[in-house]
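I have placed the structure first, in the form of C-alpha cells, so that the comments after it can refer back to it.
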Amino acid sequence: MQRLTSKLKGNKLAQIILLVLYVLVTSLSLYLAQASVTAFLLLLVSLLLLYYTELPDRLKWVIAGVVLVGVIPFVASTGPSYQSYMEVATVVGIYVAMALGLNIVVGLAGLLDLGFVAFFAIGAYTYGIFATAQAANFMPFGVFPLSGDSFWIFILIGCFVAALFGVLLGIPVLRVKGDYLAIVTLGFGEIIRIVFNNLDKPVNITNGAMGLASVKPPEIFGFQFVYPNQFYFIVLAILLFVILAVRRFEFSKIGRSWKAVRENEIAAQSMGIHLVRTKLLAFAIGASFSGMMGVVFAAKQTFVDPTSFTLLESITILVMVILGGMGSVPGVILGAAVITILNLQVLTEVTNYLNQLSLNGVISFPEALSPAKMQRFIFGAILIIFAIYRPQGLIPAKNPVFDEESLKEGSENHRKKQIKVESDKGFQA
Amino acid sequence: MSILTVSNIKKQFGGLVAVNSVDMTVEKGSITAVIGPNGAGKTTFFNLITGVYQPDEGNVQLGSSSLVGLKPHEISRLGIARTFQNIRLFSNITVLENVMVGLHKQLKAGIVGTLFQTKKVREEELRAQEEAYHWLEYVGLAQHLNEEAQNLSYGAQRRLEIARALASKPRLLLLDEPAAGMNPRETRELTEFIHRMRDDLNVTIVLIEHDMKLVMEISEHIIVLDHGEKIAEGKPAEIRNNVKVIEAYLGKSAVTPA
Amino acid sequence: MLADILNTLPQVLVDGLALGAIYAVIALGYTMVYGILELINFAHGEIFMTGAFIGVAMLILMTGMGWLAAMPAILALILVLVVTSILTGFMGVGIERMAYRPLRNSPKLITLISAIGVSFLLQDLVRFITEYKRGNYILTGPSMFNSQFTIKFSSVSSSFSDAFFKTSTLILIICVVVMMVALDFFVNKTKWGMAMRAVAQDRDTASLMSINVNKVISLTFFIGSALGGATGVLFAVQYGTIDPYIGFILGLKAFTAAVLGGIGNIRGAMAGGIMLGLLEMFAAANLQLLTNGVLGAEYKDVFAFAILIIVLIFKPEGLFGKAVTEKV
Ligand SMILES: Nc1ncnc2c1ncn2[C@@H]1O[C@H](COP(=O)(O)OP(=O)(O)O)[C@@H](O)[C@H]1O
Ligand SMILES: [Mg+2]
C-alpha cells in the first residue's frame, strides 16, 4: 500500500487515469443498480479524491465541473431514485453554502455564532412572504404573490437583507466581549424564531406558526423549476459563486484582517484594524450566503415555517464547520456534505434496516435508540471529540505559500523606489 | 521640535494608581527610554499613549492632534506603532502575512474589488507582498516568510513584531522591552539595529527596557517611573547618578550608608 | 391599565419569586465556573435537567415500592434531594475532567464548542434512557405538596387580588434559601471556600501558594452541579412535567441572571436570579397590556434575552460588579 501511494505521488498521469476509472466504475454501478445509495455516495467521494490529486487547480475545477454538471445528473437520471438523489445533492449544496458562510464568522474571524440559522430564516421568509399572497396583508401597493420570475432578483434581495440583518444584529452584539458572543447570538437566534412564530399579529406578516404555503416556484422564460433535479443546477450555480467569493476574501486584505482579529484583537487594533467594522463585515458576508440559500430553500420546499429554523439547525451547521476544519474551505465543504448525507441518508437507512431486523424478529430494537433520533447525541459527540482530539478538523486550513524568488525581485524594486535604506544588511542573529 | 507631548496623565485601576500625573516630551527623531522597576507603570503608560487604555486625567498629543478618546486603530492611523512586552503576533498565519497586516491601513481593496479581483486589487496585493518581504529582509527574517509565526524562535518573534510595526510606516515607534529574553550577543545586535532603524527610517523611538547597558548606550533621553510617578528625567549620565533612581532600583539602604 | 397591573401584582410576585429562586441557584453554577475558568459551562442547564430526571425517577421508583406512602413526604423529598445532588455533583466533576480539563490551554472557542457538545450529548442521553424505559421522553412525577394556599392581599388593599401558591412553592423557596446561605457560608468562611476565591482571583499565584488548583476546580464543579441538580428536583416537584430540553433555555436565562448580577459574583447571581424571575413573570402577565396587544406573553423569552443583551452592552460588569479593564 505504502509503495503504491509513494509511486502515485508525483505521477499526475496515473492519478488522472485512476480518478477517471474510479468515476467510470462508480457511475456505471449507479447507472446499473439505480437504487444503490452506496454507489451514489461513492460517486460523490470522487470529488474528495480529486481534491487530493496533484493536478493543477484549473484542471481540478474543470473535472469537478464535469462530474457535477454532467456525470452525476446523467447517471442518476434513469432510475426511480433519481429525484431523491438530486434532492440529497441539492440539500448538500444548500448546507455547504451555509457552512461556508459560518466558516467566515467562526473559522476566519473567530466569532462563535450559535444563531446562524436566523439568516437562513430571513432569506427564506423574504422570498416566502412576497412569493405568496402574504405580502398583500401589509403592502399597500403591488399584486401578490409575485411571479416566479422574481425569484432571481430575490436571490440578490435575500443576500442583501440577510447581510443587513447581520449588520443590525452585529452592531450591538459585536461590542460584547468574546465569549459572551456565543450566548448572545444563541439568544438572538431564538428571538428571531419566536418573532417569526408570532408575527401574525397585530399585522399578519409571517402567518405565525401556520407558516407560508404555496410559495411560487422559480420561473424563467415560462419554464418552471419544481423538481429537485432542476433546483440542483440553481444551487450549483450559487455554490460556485460562494466558493469563489470565499476564496477571494480569504486571501485578501479583508481575510487577513479577519484572521488578525481572530488571532489577537489587541495587536490587530494597534495595526490600524477597525475591530467592530471587521467583525461586522464577517457577520454580513457570512449571513449573505445563508440568505441566498434561504431564498432557494423557500422556493424548493414551497413552504416556510418557523420549525425549520431551530437551534438544532444552527448547531448542525456549526458541527459541519468543526468537523471539516475551521477556516478550511475544502474541509468545510466535506464537513457539510458528510453531515447532510448522514442526516438525510445514512441515519434513515440504518434506522430502516434496524426496524426491518426487529420486525423480522432477528433482534429486538427499541424505538428509543433509533439512529434517526440520535442527531443530538452524534453531533454532541462529534463536537467534543473534535474539540479535544482534532480541533483543526478533517482537512486542516492551509496557509498560502508565497514564492520567495519573485518577492525578492519585487522587494528590490521596492527598495529602490520607496525606502531610503543605507545598509540593507538587516539585524541578523 | 517635539513629536509627542504627554501632560499630567493619570490612570487608576480600582485603588491602584498605575500612572500618576506623568509628563513627557519626546523630540522628533530621538530615542527615549522609559525605565523603572517591575510594576512601575511603564507598560500602562504605553497603553495610555496607544489608546488601549483611556487616561483618567491628562492629555496625550501627537504633533498637533490630541489622542485622548481615540481608539487604538485610529491612533495607529495617526502614525504610532508598537510592540508588546508579552509578544502578540498572529500565531497561526505566516510570517509574511503578519507583516502584511501591518500594511493594512495603506491598502485600499474593498469588498467589490476583492470579489471581482480587479487589476488594481491584484496589483496592490502583489505590491503588499513585496513590501512585506522587504521588511522581513530588513529585520533578517526573509528566509522564514512561509513559516507560521508561532514556530519562530523567541528572538525572531520579537524581530517579527518590529517588522510588523515598521510596515505600518510609523512616525513614532514604541518598543516594550525589546531585549527581554535575549542573550548578550542578540542584545548587542538589537542595540545596533535600533540605532540604524532610527537613522534609516527617520522614526522617533520610545522604548521600555531593563537592560541598563542598552539603555545607557542608546538613549538620548531617559525618564524613570516608580510606583506610577515620574521620579527622574534627563540624559543617561544624569540618570546614572541620580540618588532617587538608585533608591528605586536597589532600595534605600543602597544610598544611605549603614 | 395601572389598576390591572396592580391587581395581578401579588400573583406575579409569588410566581416570580418561585421562578427567580430557580434561576438564582442555577446562576450560581454558571457564575462559580465562570469565575474560576472564564468558561460558559453550557452543560450546566443540562445538569439541572438531569437532576430533575433523576429526582423524578427516584420518586416514581419509591412510589412503586410503596416507600413514598410509608414515610413523610418531606423526608422522601430530602432523601431524593441529597442523592440527586451527590449524583449530579459527580457528573459535573466528570464533565470537567473529560471535556474541559484537556482543553485548559486551548483557545476559548474550542472549549466552548466542547461545552456545547456536552450539552447536546446529555440532552439526548437523558432522552433515550427515558424513552427506552417509559416509551415517552416527557415525564410527569407523582404529585406532591400541592395543597393550595391563599395570601389575602385583597385584605391589605382592594386594588390587589389574592395570590395563590402551593406547598411546593414554599418548600422550593425554603430549600433555595438554605442552599444559598450554606454556599455563602462555605465560600466566605471556610478554608476551601477561601481557596476557591483565591483560584478565581489569580490561578497562577494560587498554585504558587500551594493550593491544589485542579482540586479546587473539581470542587467548584461539584458544588455548582450538586446545587443545579437539586434545583432540578425542586423544579420537577413545583411544575410537574419535565422533558430533556428544559435545561437549555432555562440555563440560558440563568446565565442571564448571572450576568445581571455580575459574573463571578455569587451574591450578585442570587440577586440577579430573583430579579430576572420577577421581571419575566411581570412581562408574561403584562406585556400584552403594556403594548396594547402588540406583544403577548409569547415574547417573555425575548424579553429575558433582550435584558441579557442590554446588560452586556451597557453594563457588562453587571448591576453589582465593578468594571475591570482587561490587562494588556
Ligand atoms: N488592566 C489592569 N487592571 C488592573 N491592574 C493593572 C492593569 N494593568 C496594569 N495593572 C497594574 O498596574 C501596575 C503597573 O503595571 P505595568 O504598567 O504593567 O508595569 P510595568 O510595565 O512597569 O512593569 C501593576 O501593579 C499592574 O498590576
Ligand atoms: Mg511592562
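Structure data summary
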{"quantity": "Leading residue at positive end of dipole, the protein assembly as shown (Cβ point charges), from C:Ile151, C:Ile171, C:Gly229", "calculated": "C:Gly229"}
{"quantity": "Cα shape, segment C:109-250, gyration tensor, a/c 1.5 rule", "calculated": "oblate"}
{"quantity": "Rounded, prolate or oblate (a/c below 1.5 giving rounded, otherwise prolate when a/b exceeds b/c) for segment C:1-132 by Cα gyration tensor", "calculated": "oblate"}
{"quantity": "Semi-axis lengths, Å, segment A:1-80, gyration tensor of Cα atoms, sqrt of 5 times eigenvalues", "calculated": "25, 15, 8"}
{"quantity": "Share of Cα-Cα pairs in chain B lying beyond 22 Å, as whole percent", "calculated": "58"}
{"quantity": "Heavy-atom accessible area ranking, 1.4 Å probe, most first, across C:Trp67, A:Trp258", "calculated": "C:Trp67, A:Trp258"}
{"quantity": "Surface accessible to a 1.4 Å probe, A:Arg262 within the full protein complex, Å²", "calculated": "80"}
{"quantity": "Where the Cα pairs of segment A:86-324 fall when distances are cut into 10 Å bins, in %", "calculated": "8, 33, 34, 18, 6, 0"}
{"quantity": "MRE, 222 nm, helices only [DSSP H, n ≥ 4, -39500 (n - 2.57), over chain B, to nearest 500]", "calculated": "-11500 deg cm²/dmol"}
{"quantity": "Cα-based equivalent ellipsoid, segment A:220-286: semi-axes from gyration tensor eigenvalues, Å", "calculated": "38, 11, 9"}
{"quantity": "Per-residue ³J(HN,Hα) for segment C:312-322, Karplus 6.51 cos²θ - 1.76 cosθ + 1.60, θ = phi - 60°, Hz, x for Gly and Pro", "calculated": "4, 7, 9, 8, x, 7, x, 6, 10, x, 9"}
{"quantity": "Kirkwood hydrodynamic radius over Cα pairs of segment B:91-161, then Stokes diffusion coefficient at 37 °C and 0.692 mPa s, in µm²/s", "calculated": "258"}
{"quantity": "Stokes-Einstein translational diffusion, chain C - Kirkwood Rh over all Cα pairs, 0.890 mPa s, 25 °C, in µm²/s", "calculated": "119"}
{"quantity": "Hydrodynamic radius (Kirkwood) for the protein assembly as shown, which is based on Cα pairs only, to one decimal in Å", "calculated": "32.0"}
{"quantity": "Pairs from C:Lys189/C:Lys215; B:Lys42/C:Lys108; A:Lys398/C:Lys327; A:Lys201/C:Lys315 whose Cα-Cα separation, in the structure shown, is over 23 Å", "calculated": "B:Lys42/C:Lys108; A:Lys398/C:Lys327; A:Lys201/C:Lys315"}
{"quantity": "Mean Cα-pair separation over length for chain A, i.e. relative contact order, pairs under 8 Å, 6 or more apart, %", "calculated": "22"}
{"quantity": "Segment C:205-314, relative contact order [Cα under 8 Å, separation at least 6], %", "calculated": "17"}
{"quantity": "Relative contact order (%) - criterion: Cα under 8 Å, at least six apart; region: segment B:116-258", "calculated": "14"}
{"quantity": "Dipole magnitude of segment B:91-161 about its Cα centre (Cβ charges: Lys, Arg +1; Asp, Glu -1), debye to nearest 20", "calculated": "260"}
{"quantity": "Debye equation applied to the C-alpha atoms of segment C:244-296, log10 I(q)/I(0) at 0.16, 0.19 Å⁻¹", "calculated": "-0.56, -0.70"}
{"quantity": "Directionally averaged projected area (convex hull, Cα atoms, chain A), nm²", "calculated": "28.7"}
{"quantity": "Estimated buried accessible area (total), pair C and A, 1.4 Å, Å² to nearest 100", "calculated": "4100"}
{"quantity": "Signed unit charges on C-beta, dipole axis of chain A, positive-most listed residue A:Leu146, A:Tyr51, A:Gln301", "calculated": "A:Tyr51"}
{"quantity": "Radius 9 Å from Cβ of C:Ile249, net charge of other residues (Lys, Arg +1; Asp, Glu -1)", "calculated": "-1"}
{"quantity": "Net charge dipole size for chain A [Lys, Arg +1 and Asp, Glu -1 on Cβ; Debye, nearest 20]", "calculated": "980"}
{"quantity": "Net charge over other residues, Cβ less than 11 angstrom from the Cβ of A:Ser328 (K, R count +1; D, E count -1)", "calculated": "0"}
{"quantity": "Protein-only accessible surface order, largest first, of A:Lys9, C:Lys327 at 1.4 Å", "calculated": "C:Lys327, A:Lys9"}
{"quantity": "Largest-first ordering by accessible area, 1.4 Å probe, given options B:Thr32, B:Thr44", "calculated": "B:Thr44, B:Thr32"}
{"quantity": "Convex hull projection area averaged over all views, segment C:205-328, Cα basis, nm²", "calculated": "10.5"}
{"quantity": "Unit charges at the beta carbon, dipole of chain A: most positive-side option, A:Phe130, A:Gly107, A:Gly361", "calculated": "A:Gly107"}
{"quantity": "Most mobile of C:Tyr30, C:Tyr132, C:Tyr299 in a GNM of chain C (Cα contacts under 10 Å)", "calculated": "C:Tyr132"}
{"quantity": "Proximal charge balance of C:Leu9 [Cβ under 15 Å; K/R count +1, D/E count -1]", "calculated": "-3"}
{"quantity": "Kirkwood-based shape ratio for segment A:84-199, expressed as Rg/Rh from alpha carbons", "calculated": "1.02"}
{"quantity": "Selected from B:Arg158, B:Arg198, B:Arg82 as most flexible by GNM, with chain B as the system and alpha-carbon contacts under 10 Å", "calculated": "B:Arg198"}
{"quantity": "Accessible carbon and sulfur surface of the protein assembly as shown relative to its total accessible area, %, 1.4 Å", "calculated": "63"}
{"quantity": "Kirkwood-based shape ratio for segment C:91-182, expressed as Rg/Rh from alpha carbons", "calculated": "1.21"}
{"quantity": "For B:Asp176, solvent-accessible area (1.4 Å; no DNA, RNA or ligand), Å²", "calculated": "0"}
{"quantity": "Residue of A:Leu41, A:Leu357, A:Leu334 that the Gaussian network model of chain A assigns the largest fluctuation, springs spanning Cα pairs under 10 Å", "calculated": "A:Leu357"}
{"quantity": "Dipole in debye (nearest 20) - the protein assembly as shown, about Cα centre, beta carbon charges: Lys, Arg +1; Asp, Glu -1", "calculated": "660"}
{"quantity": "Heavy atoms of B:Tyr249 accessible to a 1.4 Å probe, total area in Å² rounded to 10", "calculated": "80"}
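The values are calculated or read from the model by the stated rules, or taken from the named source; none is laboratory data. All values reported here derive from a predicted model rather than from experimental measurement. So basically every Cβ, Gly included, is an ideal-geometry build from the backbone, and we count neighbours across all protein chains shown. Calculation scope for accessible area: heavy atoms of the full protein, side chains included, ligands and nucleic acids excluded. Shrake-Rupley method; radii C 1.70, N 1.55, O 1.52, S 1.80 Å.
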